[in-house]
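Peer 1: Once you've had a glance at the structure underneath, I'll fire off some questions.
The values are calculated or read from the model by the stated rules, or taken from the named source; none is laboratory data. Treat the numbers as computed from the prediction; the structure is a model and nothing was measured. Here Cβ is always computed from backbone atoms with ideal geometry, including for glycine, and neighbour counts include all displayed protein chains. Accessible surface areas use protein heavy atoms only, side chains included; no ligands, DNA or RNA. Shrake-Rupley method; radii C 1.70, N 1.55, O 1.52, S 1.80 Å.
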Number of protein chains: 2
Amino acid sequence: MVERLRVTEEESMRVAESDLREVVRAIFLKCGVSDEDAERATDVLVTSDLRGVESHGVSNSLRGYVQGFKEDEINPAPQWKVLRESPSTANIDSDRGLGIVVGPKAMEIAIEKARKVGVGVVTIRNSRHLGMISYHAMMALEHDMIGMTMSSCPANVNPTFGAEARFGTNPMALAAPGDREAPFVFDAAMSIVPANKLILARRLGVKLLPGWTADENGTPVMDEVDAPPLGPDGIPVANLLPLGSTIDLGSHKGYGLMAIVDILGGILSGGGYGLIPGRPNFNHYVAAYD
Amino acid sequence: MVERLRVTEEESMRVAESDLREVVRAIFLKCGVSDEDAERATDVLVTSDLRGVESHGVSNSLRGYVQGFKEDEINPAPQWKVLRESPSTANIDSDRGLGIVVGPKAMEIAIEKARKVGVGVVTIRNSRHLGMISYHAMMALEHDMIGMTMSSCPANVNPTFGAEARFGTNPMALAAPGDREAPFVFDAAMSIVPANKLILARRLGVKLLPGWTADENGTPVMDEVDAPPLGPDGIPVANLLPLGSTIDLGSHKGYGLMAIVDILGGILSGGGYGLIPGRPNFNHYVAAYD
């Protein structure tokens, strides 16, 4: 993690894992989430904190989810269903359910398909935030399988040379078993940083690094600048750059990788591109290789 | 393409496509490649030039292939075979065959599996250079499918903070049909640039850009430097940086993406990691989504 985004000891409040789980579960239940789903959603958030991914843990994410439930933007009791299916694929309508609830169910389907025919790919449309997306990929590890996840997010990243946001931060994750070694787990936004890092920078009052955002003309900002304020939707008002930052450093590659996530997570799921103005939802891709 | 790597008009020699195909095919035949395979290999190289990917076209690649045939490093008449298979997957031993010959055959198998069960994934071990890897991904377009390819290459890229090369340039490609629009085609090394770009820079006598290579301590070189000489194996003697170049600009993401290609192309195929010292071969991953 970038050093300045590390929460300092003075600012930290240490909480026992079991206490944290209890409180988070109670909050989800209060929002109308079922017992089983609250258990899973809690596990995703607390696992993120335990892995040091504070940007996607309880303190940085739960507030936004609660607000989403309150505003009826996120459905606490989604009637998700499989719309189409083949031996190695499925497509799910998530009924505005939280990705940290429906994602694990989709991954279970992918794992079952992989067991039967070798590979399982499940796409999810009309969903909401998937949390730390490697959580779902890591579910494959218990079955000695490789897991892969992608999430097509609402647009706040500019294409190379672009002056306006056209892509989500669109993370990709892969988890592979390591036999007697620790598993390999990768999880990263294909933008220079995820939007949650900007929220964290704002909370911590630290500046952004050069090469993270574009100015109003689309030119990469190569100075340190203040973290942007949050918009009414809780998303930072900033134009992030793709991984690579500038054309000489390969920002067209980050651009292309974001497009791949939009194609496999957004188009293939039927949910559409992240650039659709005002598209409030997230669409996902989960896969397992036996 | 980076402006300085564009071949100038004065240096260019324009050749009619049909003449080029004839000469290239004759050269492959002379090297002991079969009629059918020479036809395909020629199409891969000429298609690269026609698409403007000169780094992987005739002038920059064929010489190395001929040398490989002469030194018996590449098998002109490989007896490739499917070692393992499931309804959605297959694993091929390429018998030291050129990737631009065996790759299309593997992709045909992936497309057939995708037609039957939804997704087809084929891994290839004991192979050689895959050429412009989007060629194989684009084969899916004729079937209105999405194609994806990856190639685990011999090591010449340093991990983030690393002083020695541990990864190949490990490109990833995706081709998706565009209905009435042009298809989407992405193809890029997960290193800051592919090794072939260094060969091209050397040929053109131009300097490398800041952020492309690491010095002997692993520190990113942020000045313009001369293109490195080629080693006895025809590979540039340089330590490339991952996409992202520096830690603040996300080089750990390029590092992780190279590892993903090594896992899906190298480990899953049974061919092993790119870092295996002296591993002369390339291993690949091709997939089709119906």
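Peer 1: What residues have an amide H closer than 5 Å to that of B:Thr169, excluding those fewer than 5 places away on the same chain, when H is modeled at 1.01 Å from N in the peptide plane?
Peer 2: Amide H neighbours of B:Thr169: B:Cys153, B:Asn156.
Peer 1: Can you list, shortest first in nanometers, how far A:Asp179 lies from the same residue in the other copies, with each label 7 Å from Cα toward Cβ?
Peer 2: 4.8
Peer 1: Another question, then. Enumerate the whole-percent occupancy of each 5 Å bin, from 0 to the last occupied one, for all C-alpha pair distances of chain B.
Peer 2: Calculated P(r), rounded to whole percents: 1, 6, 12, 16, 18, 18, 14, 9, 4, 1, 0.
Peer 1: What number results when the radius of gyration of segment B:132-290, computed over Cα atoms, is divided by 2.2 N^0.38 Å? Spell out each step's value before the answer.
Peer 2: Values: Rg = 16.2 Å, N = 159, 2.2 N^0.38 = 15.1 Å.
Against the compact-globule rule of thumb, the ratio is 1.07.
Peer 1: Can I ask one more? Determine, for each peptide in B:167-174, A:112-119, B:4-11, the mean count of other beta carbons within 10 angstrom over its residues, then list the peptides with the highest first. Kindly include the intermediate steps, with their values, before the conclusion.
Peer 2: Details: B:167-174: 27.1, A:112-119: 21.4, B:4-11: 11.2.
Sorting B:167-174, A:112-119, B:4-11 by mean packing, highest first, produces B:167-174, A:112-119, B:4-11.
Peer 1: Run the dipole for the protein assembly as shown about the Cα centre, Lys and Arg Cβ at +1, Asp and Glu Cβ at -1, nothing else charged, and hand back the magnitude in debye, nearest 20. All intermediate terms of the calculation are to be shown ahead of the outcome.
Peer 2: Values: 54 positive and 74 negative charges, 134 e Å.
Dipole magnitude for the protein assembly as shown comes out near 640 debye.
Peer 1: On to the next question. Given the pairs B:Lys70/B:Lys113; B:Lys30/B:Lys105; A:Lys81/A:Lys197, which are separated by over 25 angstrom at their Cα positions? Numbers along the way, then the final one.
Peer 2: Values: B:Lys70/B:Lys113 36 Å; B:Lys30/B:Lys105 22 Å; A:Lys81/A:Lys197 33 Å.
The pairs that break the limit, which is 25 Å between Cα atoms, are B:Lys70/B:Lys113; A:Lys81/A:Lys197.
Peer 1: Would you kindly find the accessible area of A:Val58, with a 1.4 Å probe and non-protein molecules such as ligands, DNA and RNA excluded, rounding to the nearest 10 Å²?
Peer 2: Rounded to the nearest 10, that gives 20 Å².
Peer 1: Rounded to the nearest 10 Å², what accessible area does B:Asp72 show when all protein chains are kept and the probe is 1.4 Å?
Peer 2: 100
Peer 1: B plus A alone minus the pair: what accessible area, both sides summed, probe 1.4 Å, in Å² to 100? Working shown, then result.
Peer 2: Numbers: alone 13660 and 13680 Å², together 24060 Å².
Roughly 3300 Å².
Peer 1: Now, a different point. Name the residue from A:Met148, A:Gly250, A:Ser86 whose Cα lies farthest towards the positive end of the charge dipole of the protein assembly as shown, charges +1 on Cβ of Lys and Arg and -1 on Cβ of Asp and Glu.
Peer 2: Towards the positive end, the residue furthest out is A:Ser86.
Peer 1: Name the long-range amide H neighbours of B:Ser88: under 5 Å, sequence gap of 5 or more, or other chain; modelled H, no Pro or chain starts.
Peer 2: The answer is A:Val119.
Peer 1: Of the accessible area of chain A, with the probe set at 1.4 angstrom, what percent is carbon plus sulfur?
Peer 2: Values: 6180 of 12030 Å².
That share works out to 51 percent.
Peer 1: State whether segment B:15-70 is rounded, prolate or oblate according to the following rule on the C-alpha gyration tensor (a ≥ b ≥ c being the square roots of its eigenvalues): a/c under 1.5 gives rounded; otherwise a/b larger than b/c gives prolate, and the remaining case gives oblate.
Peer 2: Verdict is oblate for segment B:15-70.
Peer 1: To continue, here is another question. Can you list, shortest first in nanometers, how far A:Arg6 lies from the same residue in the other copies, with each label 7 Å from Cα toward Cβ?
Peer 2: Label-point separations across copies, in nm and ascending: 4.5.
Peer 1: Right, something else. According to the Kirkwood expression over distinct Cα-Cα pairs, how big is the hydrodynamic radius of the protein assembly as shown, in Å?
Peer 2: Working: mean 1/r = 0.0410 Å⁻¹.
About 24.4 Å, per the Kirkwood formula over Cα pairs.
Peer 1: Further question on the same structure: Quick check: with the 1.4 Å probe, what order do B:Ile235, B:Ile267 take by accessible area, largest first?
Peer 2: On the way: B:Ile235 60, B:Ile267 85 Å².
Correct descending sequence by accessible area is B:Ile267, B:Ile235.
Peer 1: At 7 angstrom along the Cα-to-beta-carbon line, where would the label on A:Pro210 sit relative to the other copies? Give the distances in nm, shortest first.
Peer 2: From this label point to the equivalent ones elsewhere in the assembly: 0.6 nm.
Peer 1: Rank these by accessible area, largest first, 1.4 Å probe: B:Trp80, B:Trp212.
Peer 2: Accessible-area ranking of B:Trp80, B:Trp212, largest first: B:Trp80, B:Trp212.
Peer 1: What are the ³J(HN,Hα) values, in whole Hz, obtained from phi via the Karplus relation 6.51 cos²θ - 1.76 cosθ + 1.60 with θ = phi - 60°, for each residue of segment B:134-147 in sequence order, with x given for Gly and Pro?
Peer 2: Once rounded to whole Hz, the list reads 5, 3, 5, 4, 5, 4, 5, 4, 4, 9, 6, 10, 8, x.
Peer 1: If you don't mind, another one. Might you tell me the accessible area per residue for the protein assembly as shown, computed with a 1.4 Å probe and given in Å²?
Peer 2: On the way: 24060 Å² over 580 residues.
Ligands and nucleic acids excluded, the result is 41 Å² per residue.
Peer 1: Determine the shape class of segment B:245-290: with a ≥ b ≥ c the square roots of the Cα gyration tensor eigenvalues, call it rounded for a/c under 1.5, and otherwise prolate if a/b is greater than b/c, oblate otherwise. Mind showing how you got there, number by number?
Peer 2: On the way: a/c = 3.26, a/b = 1.32, b/c = 2.48.
Oblate, since a/c reaches 1.5 and b/c is not below a/b.
Peer 1: Something else: Please work out how much accessible surface B:Thr213 shows to a 1.4 Å probe, ignoring ligands, DNA and RNA, in Å² rounded to 10.
Peer 2: 10
Peer 1: Then there's this: For segment A:213-266, rounded, prolate or oblate, judged on the Cα gyration tensor with a ≥ b ≥ c (square roots of eigenvalues), a/c < 1.5 rounded, else prolate if a/b > b/c? Working shown, then result.
Peer 2: Working: a/c = 2.89, a/b = 1.17, b/c = 2.46.
Oblate.
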